[in-house]
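Can you keep this structure in mind? I'll have questions shortly.
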Amino acid sequence: MPLKHYEHCCSTIQALASLGKIEGVIPLLHGPQPCSYQNQVGSMSCRPANLVTAGTLVNKSDVIFGGEAGLKQQVKNLYEKYHPRVIVIINTCIPQLIGEDIEGVIIELKQEIPDLKVSTCLTGFNYPRSMPLGSDAAWVAVIDTSEKQAKVPGSIGLIGRTGQDAGNLACLEMFFKKAEIPCFVFPTPHLDSMSSIVRAEKYYPIHITPWLTCRHLSEHFDGDVEFIEIPVGIQGTSNFLRAIAERQNSQKLHDLVDDEEKRVRPELEKIRARFAGEKVRMLMVDGPANEVSVGKIFAEFGAEVFVVPSMKNKFYQQEKKIMQERYGVTFIEEDFDLLGDIIDAVKPTAVSVEFQAQPECVSRLVPTFINMLYLCEYGYDYAIDLGTNFFKNMHRPVYETWQGLMKKYGG
Amino acid sequence: MADTKDFKMQELHTPSAFEGALWACLGIKGADTIFHSPPGCYINQHVNALVNDWTCELYSTNLSYAHIMQGAEDRMESTLKKIAAKKPGAIMIVTAPTVEVTRDDVEGVVKKVGSRDTLIIHPPIGGSLVEGKEAAFIKLLDLVDANVEKIPKSVNIIGPTFSTFNWRADVYELTRMLAGIGVTVNCVYTAGATIEQIKNAARAELNLCIYPFDSGMGVAREMEKRFGIPCKADIIPIGFGNSAAWLESVAAFFKIDAKKYLKECMANAFEFISSNMVFTVTFEMTAALSLENHNTYAVGISEFLNKEVGVSIVMAALSNPEAGSRIKKLCDNVLINATIEEKRDKFVETGPMVIYGNFYDKKVSMDAGFKNFIFSDIPTIGYLSSENCPFMGFMGAKYLVEGLVNEVYMGIFLETKGEMMGPISSGVVAWDMAAEQAMLKVGEMIPHFVRATALKKLHQESEKLAQERGTNVTVGIFREVSDKFTPTKFKAKFSQVFDDDTAPAPAIDAEDEEVPISSLTFTLSWDDAAKGMLELVPSPFRQAAVSGTEDYAREHGRSDVIGATVEEFRKELGM
């Protein structure tokens, strides 16, 4: 049993933050006050607007007598005040523990407010050690409110990871626009456009997290799901796009990929030369699943990459295999007590960790990147930007200054 | 008509030898200063000194035109007699420029009155601040008793004067550190010292010149000559490393073992810099320093921020060429005695996330859209400071970082946020492909610590504007929005993203280019009076003025801008 937990936060925050980025949706946090406070404060850094969390503040009597009545009232209050199209009840640990009948509340609400769609997702206990899956659970809840729509012939759907992807998938989407392949992306910043995902004929997840979302789409709205690989880095992006080009029989998309590769290849070679010279060992620990995706980019640059994964679902297994076979990436899936233990074992050049791990890493004078700040990592340009600025952003001279200072004065 | 193009404006923010002499004198407790001057000169000097410091006693001979023309010795005599009757510990007479023109015989008056411990300082017209300070410092040595016993392990801190930005806090912190290794401060030469301490300055075993690129080196050399007190000025105690090295050097002079104390200080410093909010923010931070009256700060802060916390120094403006050469090692843009216009242009060109400077820097940078600013130099026009926020020493290093992080991080962070409870849905808006591509490129230019949320804000604001105009999000709309809403100021970098034909963007870089009112982008309705007032705004700032005024109007619950709105906003800005 590990002594600490190095993920960014509870899956509840992830659900809250992701839903908080979708216009038309209000998340309602069903949980006690500490849960509300912590998740409210913790999600503040990544919520763009509607910064106040609506919650039920479950108290002791709710625990004893049931909090369903309070929950129902709060949904009504929210509806009256803001008239959202959808309210997603984020069902946290305490209501799960006492077995509250959330579905029953939703059925009652449907009868009382026919215009309002209410759904729910389970976080907290449900994903005790995989914060990013809070998004997956939230997306399923959003999809639950969608109606079946006619499929668009020849269309594809790109299924992203967190709310952060909403509005930030242009780096992939524009290829399909240029190649004239009908493309729906998910998530998007608006409920209407998000709901359009059900019109896609085929779903391509672009990250390892949305396994539940994809399964739900496939089961409830038809359409095959195929995980190709995460479209990050040069090769990863090309492979992803070419695979779709083949399935869609689109020479135009192939040509676009050819052009892009021609454009970025010289930059990639420069980056690879620098990485070869510096012999980088990157330790990627937990995170919003980008320990895998950003890890793959570093591996393509030629770094020796060690990944401590935040999840082990089916898509992860597929991506892991690709990364092991293509780049020889090492995956560390065993529990560890302290991050320092792994740092001592791996002796990395730099680590990519969550905020709370930063003091442990910097105090060891290991150059540290905060993984939560490296999102929307899809496509060619992100990788080139990351690689071009990697050594500058690492600030090794600052660490060397501190090494010298601590050696001289620190004892 | 004379060609005014070569007229330089830097004198506006550069004090003279007269300020230097007065500020060196005013900080001494128990001594009275007389400014032999017309009342206008006097009141300006007095008021402006009180803007930066707590209290001071300054008297005047209140000269009229007639006095000057006919000789003002009698005014001097009468004033001196009144002051001497108060029996101050010393009297310092500083002559004003008008008196320096007519060359009153002040020395003769002093001799006639026979007042003791009375010094006369004649600052040179056209002399620099440093020259004025050094003239006063050296003149004050006439009061110092050479025949005193040395106090073991004691130092003088040389250089602080009134109106030296933050001198009080620096002195407090350095005194605390020296006490930590068992060294006492005999005298601060001059700010905050008593006249008795000045007279006993020769009791110190060592002089520490703490602002060597600004003032104090001349008097330190003179003190070495007259009293045999050596001086240390080679290390500026700004930053953790240099604070430790400075203290270590003092300890070595006195043969004190400071290892334990330094270890404790550095352990605390290391714990501080290991915290979440330091490197995460500072590593992607860019700063500009505009410190013509605080060259020592410019050198110390730039070296500290760059070497110990990874801030990139994109520009430095100062007045001391020697300090400039040192900063050139880590900054490509070093300006010496630049005009305000030159500095403003450089701010815009280099796009720093934070600017350290004086009031004028704050104003011109704010007009150009910069929001994050840390006061670090005079003139301040109005600024309250105490012992609490040093820039020097260990506490100073921490304060510099926390000031930077708190100012910039929260500033940028809040800029990326929408409303606490905004509209739940504004509907779907289509994006042109060029706009999407531009957003990707702009994203790469935003620091990682706010990139994700900043992009979200740009996205939302672009859609809002597109909705208002009933169009897709075009690259023109995105350009407008990124110019207005991107955290702090990245316009210089943005120009790489947007092609010239993607206007309508404000022509901020084209200083001389006329920007007609009709070409500006308005998101609220403006009446003719309000638009007419924009004619008074220089071309490069017109779009920023529109944006700022509209923000002001919205904040005050208005949906349009009328002449009165512009007037209110202008007044609020103090214009």
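Would it be correct to say that A:Asp258 is surrounded by 19 or more Cβ atoms within 10 Å (Cβ to Cβ) and not aliphatic (A, V, I, L, M)?
Here the answer is no, as A:Asp258 does not meet what is asked.
Ok, one more. For the range B:116-134: of the residues being in a loop (DSSP other than H, G, I, E, B) and modelled with pLDDT of 90 or more, which is nearest to B:His67 (Cα to Cα)?
Checking each candidate, the answer is B:His122.
One residue is enough: does the range A:70-82 have a residue meeting the conditions closer than 21 Å to A:Leu122 by Cα, touching a helix residue (DSSP H, G or I) at 6+ places or on another chain (Cβ under 9 Å), in contact (Cβ under 8 Å) with a residue 24 or more places away in the chain and part of a loop (DSSP other than H, G, I, E, B)?
no
Here is a follow-up. Let me confirm something: among B:Leu440, B:Leu465, which residue is touching a helix residue (DSSP H, G or I) at 6+ places or on another chain (Cβ under 7 Å) and within 21 Å of A:Gly163 (Cβ to Cβ)? Can you show your working first?
Working: B:Leu465 fails: within 21 Å of A:Gly163 (Cβ to Cβ).
Result: B:Leu440 is the single residue among B:Leu440, B:Leu465 that is touching a helix residue (DSSP H, G or I) at 6+ places or on another chain (Cβ under 7 Å) and within 21 Å of A:Gly163 (Cβ to Cβ).
Here is a follow-up. Restricting to the range B:352-377, what's the tally of residues that are over 18 Å from B:Gly300 (Cβ atoms), surrounded by fewer than 21 Cβ atoms within 10 Å (Cβ to Cβ) and not aromatic (Phe, Trp, Tyr)?
6
Then there's this: Is it true that some residue in the range A:231-246 is of a type in the set (Val, Ile, Thr), surrounded by 15 or more Cβ atoms within 10 Å (Cβ to Cβ), under 19 Å from the mean Cα position of the chain (by Cα) and modelled with pLDDT of 95 or more? Before the answer, list the steps.
So in the range A:231-246, the residues of a type in the set (Val, Ile, Thr) come out as A:232, A:234, A:237, A:244.
This time we only want the ones that are surrounded by 15 or more Cβ atoms within 10 Å (Cβ to Cβ), so: A:232, A:234, A:237, A:244.
Checking the rest, the ones that are also under 19 Å from the mean Cα position of the chain (by Cα) come to A:232, A:237.
Retained after the next criterion (residues that are modelled with pLDDT of 95 or more): A:232, A:237.
Yes, there is a match, as at least one residue in the range A:231-246 is of a type in the set (Val, Ile, Thr), surrounded by 15 or more Cβ atoms within 10 Å (Cβ to Cβ), under 19 Å from the mean Cα position of the chain (by Cα) and modelled with pLDDT of 95 or more.
Can you pull out the residues in the range B:235-252 that are over 17 Å from B:Cys389 (Cβ atoms), assigned to a loop (DSSP other than H, G, I, E, B) and either under 21 Å from the mean Cα position of the chain (by Cα) or within 9 Å of chain A (Cβ to nearest Cβ) (or both)?
The one that is over 17 Å from B:Cys389 (Cβ atoms), assigned to a loop (DSSP other than H, G, I, E, B) and either under 21 Å from the mean Cα position of the chain (by Cα) or within 9 Å of chain A (Cβ to nearest Cβ) (or both): B:Ile236.
If you check B:Asn295, B:Asn337, which single one turns out to be polar (S, T, N, Q), crowded, with 23+ Cβ neighbours inside 10 Å and over 22 Å from B:Asn406 (Cβ atoms)?
After applying the criteria, what remains is B:Asn295.
Further question: List the residue pairs whose Cβ atoms are under 6 Å apart, where the first residue sits in the range A:282-308 and is among the aromatic types (Phe, Trp, Tyr), the second is part of a helix (DSSP H, G or I), and the two are 6 or more positions apart or on different chains.
Taking only residues 6 or more apart or on different chains, the pairs are A:Phe301/A:Ile271; A:Phe301/A:Arg272; A:Phe301/A:Phe275; A:Phe301/A:Gly387; A:Phe306/A:Val346.
Turning to a different aspect of this structure: Tell me, please, whether a residue that is touching a strand residue (DSSP E or B) at 6+ places or on another chain (Cβ under 7 Å) and part of a helix (DSSP H, G or I) can be found in the range A:42-64.
no
Another question, if that's okay. What number goes with the only condition from (1) more than 14 Å from chain B (Cβ to nearest Cβ); (2) in contact (Cβ under 8 Å) with a residue 60 or more places away in the chain that A:Glu103 does not pass?
Result: A:Glu103 fails condition (2) only.
Suppose we keep only residues that are at the interface with chain A (Cβ under 10 Å from one of its Cβ atoms) and in contact with a strand residue (DSSP E or B) (Cβ under 9 Å, 6 or more places away or on another chain) within the range B:448-474. Which one would you say is nearest to A:Glu23 (Cα to Cα)?
Looking at residues that are at the interface with chain A (Cβ under 10 Å from one of its Cβ atoms) and in contact with a strand residue (DSSP E or B) (Cβ under 9 Å, 6 or more places away or on another chain), I get B:Gln460.
B:Ser274 versus (1) buried (at least 22 other Cβ atoms within 10 Å of the Cβ); (2) touching a Ser or Thr at 6+ places or on another chain (Cβ under 9 Å); (3) within 10 Å of chain A (Cβ to nearest Cβ): which is the lone unmet condition?
(1)
Just name the residue that is modelled with the highest pLDDT out of those in the range B:279-288 that are part of a helix (DSSP H, G or I) and more than 8 Å from every other protein chain (Cβ to nearest Cβ).
B:Thr282
Which condition number in (1) buried (at least 24 other Cβ atoms within 10 Å of the Cβ); (2) modelled with pLDDT of 95 or more is the one that A:Ser310 fails?
It is condition (2) that A:Ser310 fails.
Among the helices (runs of 4 or more DSSP H) confined wholly to the range B:295-363, which include 3 or more residues that are among the β-branched types (Val, Ile, Thr)? Show your work before the answer.
Details: elements: B:295-309, B:321-327, B:340-350.
Result: B:295-309, B:340-350.
Do any helices (runs of 4 or more DSSP H) lying entirely in the range A:306-411 carry at least 3 residues that are over 30 Å from A:Tyr127 (Cα atoms) and away from chain B (no Cβ under 11 Å), and which ones are they?
Qualifying helices (runs of 4 or more DSSP H): A:379-394.
The values are calculated or read from the model by the stated rules, or taken from the named source; none is laboratory data. Because the structure is a prediction, the values reported are computed rather than measured. Because the Cβ atoms are built from the backbone with ideal geometry, glycine has one as well, and the counts that use them run over all protein chains shown.
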